[in-house]
Structures are given as C-alpha cells and as structure tokens.
Amino acid sequence: MEELNKVLLSLGVQRVHIVYFSRKRLADPAPIGSYKQEDVTFLLKDLSDISLEQRTEDREAAMQTGGHYSESLPIEYQPTDEYIQLFQNTLSDSAIRIARAVGTVSERIIQKNGFDVVLASLARGGTPIGVLIKRYIKHMYGIEVPHYSLSIIRGKGIDENALLYINQNHPHKRVQFVDGWTGKGAIAKVLIAACSQMKQKYGIELNDELAVLADPGYCASTFGTREDFLIPSACLNSTVSGLVSRTVLRSDLIGADDFHGAKYYKEWESSDLSQLFVDTISAYFDQTADDSKAEALQMEANPAENEMTWQGMQDIARIQTDFAISDINFIKPGVGETTRVLLRRVPWKILVDRLDNPNLKHILLLAKDRGVPVEEYPNMTYSCCGIIKALKGETE
C-alpha cells in the first residue's frame, strides 16, 4: 500500500480511504440429530431446552389469524402400534421402488453437476432423501459428497447463514438442493426467490433447481419418479428424520448470526426409525442401480418428458372451485402433504382418487383414527389431497 500511496500523492490525491469488506465467518454447528455424522450435518441451532409445542387446534387458530407456522411446533404425533406396523409393511413393500427412484435422481444430479457438488437437503422432509443420495453416490462411485440439511420456510425464505456457511466451506462446489417430494410447488418458488436474493445480497450464484425423489406436481425437472406413492419417511415425523423437529424461526430465539432452530428429541431414541429407513433402502442399491442408470439416461435423452408443467396446479384450481375454498393454502396435495395434514393440522376432509388405492392405506388409517371424512375425487394428478379446516367460520 505504501507504493500505491506514493503514486496517488504524486497525482495530487491528498487523502486515501481504504474500506475493507469481509463476510462474517460462521462457526461450525453443534451436532444435532440421530443420523451418523458421515451421513449429514444439520445447519440448525439446537432449541431442545425450549418449550415450543402447541396443541394442534391452538396452533391452527394462531396460523389462521396472522401467526406463522415457524413460530411454534406441533405436538409430535406418537404413532400407535398398528401405525408403526403399517410403516414397516410399507417400507418392506416399497423399498425396491424407492431405491430405484433414489438411484435415478442421484444419476440425474451427477449428469447435471458431476461429482463436484454439495447436497443441501431441506429440513426435514428432504433430509432422509439427501442421506440416501449421498449414500448412493458413495456406494456406486466411491465418492463422498458433502451433505448438509438446512431450513427453508414458506413466507420467510431460506436460512441465509446456512448458505453462507456452505459457501465458506465449499466455495468452488455447486450446491444441489434436495427435497422429498413436491405438492403445489410452493417451496420450489421460495427457493427460486431465495437464490435470487443470495446473488443480490452476497454475489453468490446458486442453482435454484430442486431435486426430489417424487414429483407428482410436475414442478421439478430433476426427480426419481412422478408417481404419487407413499414414501415411508412421510409416514412419521421426527422418528424417521433423525429425531429433529420442524424448523423454527423467531426473532427472540434466532440471532443475526444463528442458523434457524430446531429441537432434538433425544428422549425418543428407543422409537427412532431413521437409521432403519435409510439402511433398508440402501441395501437395494446394487439390485436397482442398472434400472436407475437406464431411467436417468432416458430422461437425459428426452428432456421434454422432464419439463416443469405445473400440471398439479390445475387440479388444485379445480378443487378450490368445486369445494368453494377461499385460501389455496388450505389445499395440500399428494400423499406426503396429505399425511402431514393428518399428523399436524386440523383436517376438514381428505380427497382420494379411489378408495382401493393401495398407496393410501396409511391415509385411510389416520383419517379413521382422527374421524376425518374421506371422499372419492377421481381424475387427479395426485393420489390424494388433504384439505385443512378453516377455523374462522368460512364455508369450508
């Protein structure tokens, strides 16, 4: 700087102000969750000691009167023995199909990014799928790709500190966002906006394309299948997602340098099925890999078949009209989202494409347990659709 200063002085510049910009360096997160450390790193602040749970009815009323779902947590559904048995049966029946879909989406990720990639799964529905993709790549190619799980919240955006942390530790790698399945595509839209914001604020260029295991809504172009079937990890909450709660974002709990928060339910370790789920699926990779690779090559050769048509939104519009539903957010399409409605919202009714659909056994069981009416509604893109009950006197 001395030489530069002399040159500037010789040119008549009397005073030089030097402004140095440096991004904050984020500390490593404290370990959280029951997955093996080599499977995933959660970029979450541990809020385990804070009481955040609310009764479903109270939480629903708060959300429908201006509150946000990320400000509290639902009381986690504790499944009955019958329901656990249903999970086990579903896992057994669908393990090969899921392993094939995991392989297909993994191969598509490799086609698009190569191996110089970081997996960023969206907590918590995307976490088990991210674990499986990481395992598939290691098993088939002997390569360890980094895998983080971070928070994204409808109406509030993505955890920017988590993305800064990934960029800080892997500045030259591509980031591939991962989720479990698509519904209306709301999270895909949040992700697109969030990536645009990261470029504007920090100059970090991110690929906003979401990779999912199942895309029944036709709102992702990197997917394993578009069939709307039960992914067993959608059956349960934390006990199949590393004992981690939904993510929390509240200004009194999350500071400027914090990751979004979550609770770690260590007290449920005896009921944890997270490892069982990923171990069971991973065991079939050798058996399904050839089919996965063939499907991925076919997708690459026929890009028109992978287009994002948002076909599912046409069903949503029809349902909204047919049932006079004022708020589109009350409509939750697909097996995964319908399961969530039954587990942690106040359902009004469940629509199914047909009552004898073998993919909907757990939906019918949960609806029966909660006294929620089930109605046939044919010709949907989705197998089923959950409709949330309005608590403010609307007709729905």
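The values are calculated or read from the model by the stated rules, or taken from the named source; none is laboratory data. Every value quoted in this text rests on a predicted model; they were computed, and no experiment measured them. We place every Cβ from the backbone using ideal geometry, glycine too, and count neighbours over all the protein chains shown. Each accessible area value is taken on the protein alone, full model and side chains, heavy atoms only, with ligands, DNA and RNA left out. Shrake-Rupley method; radii C 1.70, N 1.55, O 1.52, S 1.80 Å.
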Dipole of the chain, positive direction: furthest Cα of Ile331, Ile204, His139, with charges on the beta-carbon: Ile204
At R0 = 25 Å, FRET efficiency that the Cβ-Cβ distance of Gln111 and Ile84 yields, to 0.05: 0.10
Nonlocal Lys pairs with alpha-carbon distance under 18 Å, segment 152-251 (8 or more apart, or different chains): 6
Area accessible to solvent at Arg124, 1.4 Å probe radius, in Å²: 20
For segment 1-152, with +1 on Lys and Arg beta carbons and -1 on Asp and Glu, the positive-most of Pro31, Ile110, Ser51 along the dipole: Ile110
Charge dipole (the chain, unit charges on Cβ, about Cα centre) - positive-most of Ile153, Ser251, Gln78: Ser251
Magnitude of the charge dipole, the chain, Cβ model with Lys/Arg +1 and Asp/Glu -1, debye to 20: 940
Accessible area, probe 1.4 Å, largest first, for residues Glu57, Glu337: Glu57, Glu337
Accessible surface of segment 299-396, 1.4 Å probe, proportion on carbon and sulfur as whole %: 49
Å² of accessible area per residue within segment 164-319, as computed with a 1.4 Å probe and no ligands counted: 41
Sequence-separation-based contact order of segment 145-241, relative, with Cα cut under 8 Å and 6+ spacing, percent: 23
Rounded accessible area of Tyr69 (nearest 10 Å², 1.4 Å probe): 30
Exposure of Ile50 as accessible area (Å², to 10), given a probe of 1.4 Å and all protein chains: 60
The chain: relative contact order as a whole-number percent, Cα under 8 Å and 6+ apart: 20
Virtual paramagnetic centre 7 Å along Cα→Cβ of Ser271, amide N under 13 Å, in segment 211-255: 236-241, 243-244
